[in-house]
Amino acid sequence: MDFHFSEQQLAIAEHVGRVCERFDDQYWLERDDSGEFPDDFVAAMAEGGWLGIAMPQEYGGAGLGITEAALMMQTIAESGACLSGCSSIHLNIFGPNPIVRYGTDEQKQRMLPPLINGTEKACFGVTEPDAGLNTTHLKTRAENRGDHYLVNGSKVWTSTAQVADKILLIARTTPMEESEKPTLGLSLFYTDLDRSR
């Protein structure tokens with residue numbers, strides 16, 4: 001096995017590094033101190049096409065893989081951005097993979113381009129107050145109401161929820177006691193993030 005990076009992968013790291021150079025340590029220190037979201041950094045990454053690095057080309061992505069996306073994130077982390085920079089974009093990059101894998105073409109056309117071009121930000125609602133990351137014990141329920149689902153429950157510690165337009169939410173659609181295995185009966189929902197309650 002060859003564990004060396006390819007020329008293309010090294011070029012990715014170099015180009016991402018150039019974007020990161022525009023956001024020096026002072027920039028990240030100010031964001032850390034103020035709690036302000038790095039919108040201009042996210043915009044620069046979107047402008048460079050980097051938010052779509054692992055998304056299919058037919059929806060505006062680069063069609064590369066998780067290795068290239070991870071290398072990009074490593075390059076960001078090694079700059080002064082550290083995890084603040086990575087966490088500002090990681091959901092737009094890694095979160096949509098269930099949509100890529102299981103979504104219909106209509107869903108992909110509707111959901112992926114805004115994440116890739118940076119006009120929408122997403123978060124992933126998993127963690128719950130009483131279940132933590134033990135997804136088999138989620139209390140959030142989604143009830144089929146015919147033409148829509150009604151979701152009830154709560155999520156906590158949801159990275160980028162404060163700025164997200166959309167949420168990829170995991171909820172139980174079949175009670176655990178009615179499921180063959182505890183890991184079954186869970187569904188993902190992708191919807192507008194409603195902060196009204």
Item checked: Exclusive hit being in a loop (DSSP other than H, G, I, E, B), crowded, with 20+ Cβ neighbours inside 10 Å and in the same structural domain as Q107 (by TED's automatic domain parsing), set M55, M45 -> M55
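Table: residues versus (1) touching a strand residue (DSSP E or B) at 6+ places or on another chain (Cβ under 9 Å); (2) without any contact (Cβ under 8 Å) to a residue 24 or more places away in the chain; (3) of a type in the set (D, E, K, R).
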| site | (1), (2), (3) |
| --- | --- |
| G17 | no, no, no |
| G35 | no, yes, no |
| G61 | no, no, no |
| E68 | no, no, yes |
| L71 | no, no, no |
| T75 | no, no, no |
| S79 | no, no, no |
| C86 | no, yes, no |
Checklist line | Pairs where the first residue, in the range 90-105, is in the same structural domain as P38 (by TED's automatic domain parsing) and at pLDDT 95 or above and the second is of a type in the set (A, V, I, L, M, F, W, C) and part of a helix (DSSP H, G or I), C-beta under 6 Å, 6+ apart | finding: I99/M111
Note to self: Take A171 and tell me if it is closer than 29 Å to F41 by Cα and either touching a residue at least 40 places away in the same chain (Cβ under 8 Å) or not assigned by TED's automatic domain parsing to the domain that holds F41 (or both).
What the structure shows: no
Margin query: Testing I99 on (1) over 29 Å from D39 (Cβ atoms); (2) outside any loop (DSSP other than H, G, I, E, B), one condition comes back false. Which one is that?
Written below: (1)
Note to self: Suppose we filter the range 133-153 for residues that are of a type outside the set (F, W, Y) and closer than 13 Å to I170 by Cβ; how many remain?
What the structure shows: 12
Item checked: Members of the range 101-119 found to be over 13 Å from M45 (Cα atoms) and buried (at least 16 other Cβ atoms within 10 Å of the Cβ), listed by number -> G103, K108, M111, L112, P113, P114
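Here's the yes/no breakdown for (1) within 11 Å of the chain's Cα centre (by Cα); (2) part of a helix (DSSP H, G or I):
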site: N92; (1), (2): yes, yes
site: E106; (1), (2): no, yes
site: R110; (1), (2): no, yes
site: L115; (1), (2): yes, yes
site: F124; (1), (2): yes, no
site: T136; (1), (2): no, yes
Check: Does R18 meet the test of being closer than 26 Å to I167 by Cα, out of contact with any Asp or Glu (no Cβ under 6 Å at 6 or more places or on another chain) and among the basic types (K, R)?
Finding: no
Next item on the list: From G61, G80, grab the single residue that is in the same structural domain as E14 (by TED's automatic domain parsing), modelled with pLDDT under 95 and part of a loop (DSSP other than H, G, I, E, B).
Entry: G80
Note to self: Quick check on this structure: which one of T183, T160 is outside the structural domain of S87 (by TED's automatic domain parsing), touching a helix residue (DSSP H, G or I) at 6+ places or on another chain (Cβ under 7 Å) and surrounded by 13 or more Cβ atoms within 10 Å (Cβ to Cβ)?
What the structure shows: T160
Margin query: Is it the case, given these coordinates, that S6 is at pLDDT 95 or above, hydroxyl-bearing (S, T, Y) and farther than 16 Å from K121 by Cβ?
Written below: no
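The values are calculated or read from the model by the stated rules, or taken from the named source; none is laboratory data. Keep in mind that what you see is a predicted model, and the values were worked out from it rather than measured. Here Cβ is always computed from backbone atoms with ideal geometry, including for glycine, and neighbour counts include all displayed protein chains.
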